[in-house]
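Reading through the structure tokens given below for one structure.
The values are calculated or read from the model by the stated rules, or taken from the named source; none is laboratory data. All of these numbers come straight from a predicted model, not from anything done at the bench. Neighbour counts are summed over all protein chains in view; Cβ atoms, including those assigned to glycine, are modelled from backbone coordinates with ideal geometry. These area figures cover heavy atoms from the full protein model, side chains too; ligands, DNA and RNA do not enter into them. Shrake-Rupley method; radii C 1.70, N 1.55, O 1.52, S 1.80 Å.
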Amino acid sequence: MKRSALVKNIKQKKSFLCIGLDSDIEKIPTHLLKEEDPVFAFNKAIIDATHDLAVAYKPNLAFYESRGIAGWHSLKKTMDYLRQFQESVFSIADAKRGDIGNTSKQYARSFFEGGDAGLDFDSVTVAPYMGIDSVSPFLAFENKWVILLALTSNEGAFDFQFIKNEESGLYLFEEVLRKSSTWGSKDNMMYVVGATKAEMLGTIRKHIPDHFLLVPGVGAQGGSLQAVADYGMNDDCGLLVNSSRGIIFASKEKDFAEKARENALEVQEQMAAMLTEKGII
């Protein structure tokens with residue numbers, strides 16, 4: 001998906017909501033377990049209930065890979081189903097890949113190519129630790145995006161991401177932003193920034209004012225949507241804010257999709273107000 005299409009969808013839906021399909025088979029409503037593919041049935045119901053409110057969906061690969069072949073089948077069917085909304089929905093493979101160049105090339109093919117073998121995602125999350133040659137194979141695909149890990153929301157983020165370079169005065173995550181921003185552009189590279197560190201978004205915007213940010217951690221993890229918008233929103237929004245558990249597991253009963261929609265609508269209405277206040281819509 002091109003950047004212009006993503007921005008258009010944000011304006012049309014008055015939303016920058018990304019719904020995380022962290023579809024844990026142990027947490028989905030038990031009545032779905034009688035389905036041939038419970039996880040796909042769950043995902044389909046969530047998508048049907050929310051696709052007019054969300055601009056992106058983000059399957060977390062761990063919840064699919066952990067189930068082996070069955071999990072991959074669920075993921076493939078989910079992506080095939082999402083394809084009917086491909087003009088209005090941005091898809092993110094939350095895979096956090098990153099390896100030597102020839103291995104990254106194969107990862108890129110599996111996530112970006114279509115057909116029987118590929119999953120045809122719009123984007124994939126990538127770890128930057130191994131440098132440009134591990135990231136560039138993903139950037140070779142037209143109209144596909146790399147979403148690079150920059151500043152994460154977990155406690156362990158302080159182990160490395162806040163190590164300061166005494167010569168430059170920058171933290172390690174800032175060095176990652178500064179260096180990696182030369183590898184791609186605002187049209188094919190985004191960054192992951194945790195909502196629980198929203199106050200750092202101002203610093204991040206000094207380095208990458210125009211790039212999109214994927215922001216997890218709002219909702220169940222305690223991040224503030226208002227703070228994310230205050231610190232991180234740019235002139236064309238520049239944000240995809242992810243909510244997973246707070247939406248998809250709003251209910252464990254037969255009304256789970258209805259409750260997911262209610263929670264998604266509440267977030268979308270807040271986002272519409274923020275976009276209006278900013279003058280984007």
Practice task
Quick one: grab the alpha carbon gyration tensor of the stretch 170-281, order the square roots of its eigenvalues as a ≥ b ≥ c, and give me rounded if a/c is under 1.5, else prolate or oblate depending on whether a/b is larger than b/c.
Solution key: prolate
Problem - Asp133-Thr203 FRET efficiency (beta carbon distance; Förster radius 30 Å; 0.05 resolution) - result: 0.65
Fill in the blank from the handout: For Ser110 and Ser4, extending 7 Å from Cα along the Cα-Cβ vector and measuring point to point gives, in nm, a value of 3.4 nm
Exercise for the section: Please find the FRET efficiency linking Glu266 to Gln12, where r is the Cβ-Cβ separation and R0 is fixed at 22 Å, and quote it to the nearest 0.05. Expected result: 0.70
Practice task
Might you tell me the accessible area per residue for the chain, computed with a 1.4 Å probe and given in Å²?
Solution key: 45 Å²
Completion exercise
From the cross-link list Lys13/Lys179; Lys186/Lys252; Lys8/Lys96, the entries with a Cα-Cα span beyond 32 Å are Lys13/Lys179; Lys186/Lys252
Handout entry: Carbon/sulfur fraction of accessible area - the stretch 1-90, other protein chains in place, 1.4 Å, %
Key = 52 percent
Completion exercise
Under the rule rounded for a/c under 1.5, else prolate if a/b exceeds b/c, else oblate, using alpha carbon gyration tensor axes a ≥ b ≥ c, the stretch 1-142 is classed as oblate
Completion exercise
By the C-alpha gyration tensor axes a ≥ b ≥ c (rounded if a/c is under 1.5, else prolate when a/b exceeds b/c, else oblate), the shape of the stretch 140-197 is oblate
Exercise for the section: For Thr152, enumerate residues with amide H under 5 Å from its amide H, sequence gap 5+ or separate chain, H modeled in the peptide plane. Expected result: Gly194
Exercise for the section: Measure of size requested: the Rg and Dmax of the chain, with Cα atoms as the atom set and Å as the unit; please supply both. Expected result: 18.0, 60
